[in-house]
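Worksheet: one structure, shown below.
The values are calculated or read from the model by the stated rules, or taken from the named source; none is laboratory data. Note that the coordinates shown come from a computational prediction; the quantities given were computed from them, not determined experimentally. Because the Cβ atoms are built from the backbone with ideal geometry, glycine has one as well, and the counts that use them run over all protein chains shown. Note: accessible area is taken over every heavy atom of the protein model, side chains too, but ligands, DNA and RNA are not part of it. Shrake-Rupley method; radii C 1.70, N 1.55, O 1.52, S 1.80 Å.
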Amino acid sequence: MTEIDNALRSLKEGHWFKLICGASYQHLPAVRNLSLAYTLAGADCIDVAADPSVIASAQAAIGVASTLMEEARQRGFGSRGKLPWLMVSLNDGEDPHFRKAEFNAVECPSQCDRPCERVCPAQAIVFHPPRDDYSKVVSSGVISESCYGCGRCLPVCPPQIIYTRSYVSTPGAIAPLVLATGVDAVEIHTQVGRTAEFKRLWLSIAPWIERLKLVAISCPDGDGLIEYLHSLHRLISPLKCPIIWQTDGRPMSGDIGDGMTLAAVKLGQKVLAAGLPGYVQLAGGTNSYTVAKLEAMGLLRKSQKSKVKSQNSYDLRLTTYDFPTPDSRISGIAYGSYARVLLSPILHQLEQMEVNPANDRAIARLENVPELLWQAVELAYSLVSQLKSMELP
């Protein structure tokens with residue numbers, strides 16, 4: 001069975017697992033290491049920023065993972081030895097996923113206890129004292145490549161000097177990006193009422209859509225959501241590949257607590273009830289409680305003895321995709337902030353080893369430190385396996 005069949009099988013059986021590295025996350029070592037660990041743990045898809053360097057880092061990790069699949073299987077990890085699809089995220093307008101926090105360090109009061117630094121899940125806010133005077137903070141700010149725009153620092157800043165800078169995908173740069181990097185899928189982030197903006201972006205990438213294995217549309221809740229999604233479906237039809245409707249409950253909040261997953265589940269129910277052709281996948285607030293919640297509500301497919309017919313890549317690329325009949329089950333779950341924070345202690349250890357001049361393995365690549373690699377895979381698998389436990393043998 002091909003990798004394409006494996007990924008589609010996950011969607012059809014309802015145990016699709018996607019890792020969201022972050023549409024604005026550009027910390028290359030972390031993207032590489034997260035991609036490696038979650039590939040070996042059995043992820044179906046890895047979603048990264050539409051940045052050639054980020055894409056290359058994820059692809060390199062997937063390549064390394066391919067050489068470690070047998071060892072992962074022997075250790076009890078992974079899923080049928082498949083490699084994940086690589087997805088890039090685009091946006092048709094301002095979106096919280098496509099922003100960075102910023103502030104002027106000079107304006108930060110010296111007596112501030114820096115709550116922003118404590119609440120940042122990406123450890124992207126730092127304060128460095130000068131070498132000759134440790135009583136003042138003169139070098140501080142946001143590490144741009146590590147910030148993924150969660151916005152948690154904004155309300156806790158006492159002097160309210162932190163702000164965000166947003167950016168929008170440039171349609172003219174999208175097609176060459178897809179063609180040059182060989183990504184498998186595209187996800188478009190949109191919001192209710194942005195039909196014209198969505199259409200503009202869609203028309204710019206439409207000539208190359210048939211090269212993709214999957215298209216995903218991510219949208220938060222809002223008045224008129226269902227009507228808006230139906231209008232988007234009419235706009236993009238006919239489509240020669242599968243489509244996922246990503247229900248964005250509480251963006252970038254999964255690591256906060258179990259209550260965050262309720263918004264994602266509730267929105268998923270709403271979109272399922274709309275009967276849109278394609279697959280429904282949760283995101284935004286997903287965490288270790290999500291699978292249990294979905295199971296309790298009967299929203300996940302159980303393992304079945306009947307085999308799911310596979311389709312080969314030739315059929316998928318050259319024929320209009322036969323969308324599944326809408327049902328009342330979730331087809332998959334995407335994990336973002338929770339999945340990243342879950343592995344952050346190990347990735348932090350790796351970074352500490354990198355800056356240690358006495359360490360002859362001073363490079364932030366997880367595969368170079370096997371003891372940390374398999375710890376990371378075990379942690380990743382603790383999340384992936386919750387959904388993959390329902391896979392058909």
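Quick notes
- Total residues in segment 206-228 satisfying the condition of being aliphatic (A, V, I, L, M) and surrounded by fewer than 20 Cβ atoms within 10 Å (Cβ to Cβ): the figure is 4.
- Sole residue being at pLDDT below 60, open to solvent by less than 80 Å² (accessible area, probe 1.4 Å), more than 30 Å from residue 210 (Cβ to Cβ) and out of contact with any Lys or Arg (no Cβ under 8 Å at 6 or more places or on another chain), chosen from 358, 362, 380: 362
- Test: residue in segment 39-48 that is among the hydrophobic types (A, V, I, L, M, F, W, C), in contact with a Lys or Arg (Cβ under 9 Å, 6 or more places away or on another chain), free of Cβ contacts under 8 Å to residues at least 40 places away in the same chain and assigned to a loop (DSSP other than H, G, I, E, B): no
- Within the set 317, 301, 329, the sole residue that is open to solvent by 70 Å² or more (accessible area, probe 1.4 Å), of a type in the set (Lys, Arg), more than 19 Å from residue 259 (Cα to Cα) and at pLDDT below 85 turns out to be 317.
- Being outside any helix (DSSP H, G or I), of a type in the set (A, V, I, L, M, F, W, C), under 25 Å from residue 215 (Cα atoms) and at pLDDT 50 or above holds for only one residue in 308, 291, 280, and it is 280.
- Qualifying residue in segment 15-32 (condition: open to solvent by less than 10 Å² (accessible area, probe 1.4 Å) and without any contact (Cβ under 8 Å) to a residue 60 or more places away in the chain): yes
- Which numbered condition residue 53 misses (of (1) in contact with a Lys or Arg (Cβ under 8 Å, 6 or more places away or on another chain); (2) surrounded by fewer than 18 Cβ atoms within 10 Å (Cβ to Cβ); (3) at pLDDT below 95): (1)
- Annotation: residue 57 fulfils all but one of (1) within 15 Å of the chain's Cα centre (by Cα); (2) assigned to a loop (DSSP other than H, G, I, E, B); the unmet one is (2).
- Scoring residue 259 on the criteria (1) loosely packed, with under 14 Cβ neighbours inside 10 Å; (2) at pLDDT 90 or above; (3) over 27 Å from residue 205 (Cβ atoms) leaves a single failure, condition (2).
- Taking every residue in segment 113-125 that is touching a residue at least 60 places away in the same chain (Cβ under 8 Å) and under 16 Å from residue 351 (Cα atoms) and pairing it with any residue that is among the hydroxyl-bearing types (Ser, Thr, Tyr) and not in a helix (DSSP H, G or I), at least 6 positions away or on another chain, the pairs with Cβ-Cβ distances below 7 Å are 122/148.
- Of the residues contained in segment 82-105, none is found to be among the hydroxyl-bearing types (Ser, Thr, Tyr) and modelled with pLDDT under 90.
- Residues considered: 72, 41, 49, 60. Of these, the only one that is in contact with a Cys (Cβ under 8 Å, 6 or more places away or on another chain) and among the hydrophobic types (A, V, I, L, M, F, W, C) is 49.
- If you go through segment 177-200 and keep only what is within 19 Å of residue 225 (Cα to Cα), part of a helix (DSSP H, G or I) and not charged (D, E, K, R), you end up with 195, 196, 198.
- Pair list, Cβ under 7 Å, 6 or more apart: segment 270-295 residue at positive phi and in contact (Cβ under 8 Å) with a residue 24 or more places away in the chain, other residue in a loop (DSSP other than H, G, I, E, B) and open to solvent by 10 Å² or more (accessible area, probe 1.4 Å): 275/326; 278/323; 284/249; 284/250; 284/251; 285/249; 285/250
- Within segment 179-206, residues that are modelled with pLDDT of 95 or more reach partners that are open to solvent by 60 Å² or more (accessible area, probe 1.4 Å) with beta carbons closer than 8 Å, at six or more positions or on different chains, in the pairs 190/197; 192/223.
- Note on segment 237-253: residues that are open to solvent by less than 10 Å² (accessible area, probe 1.4 Å) and not in a strand (DSSP E or B) amount to 4.
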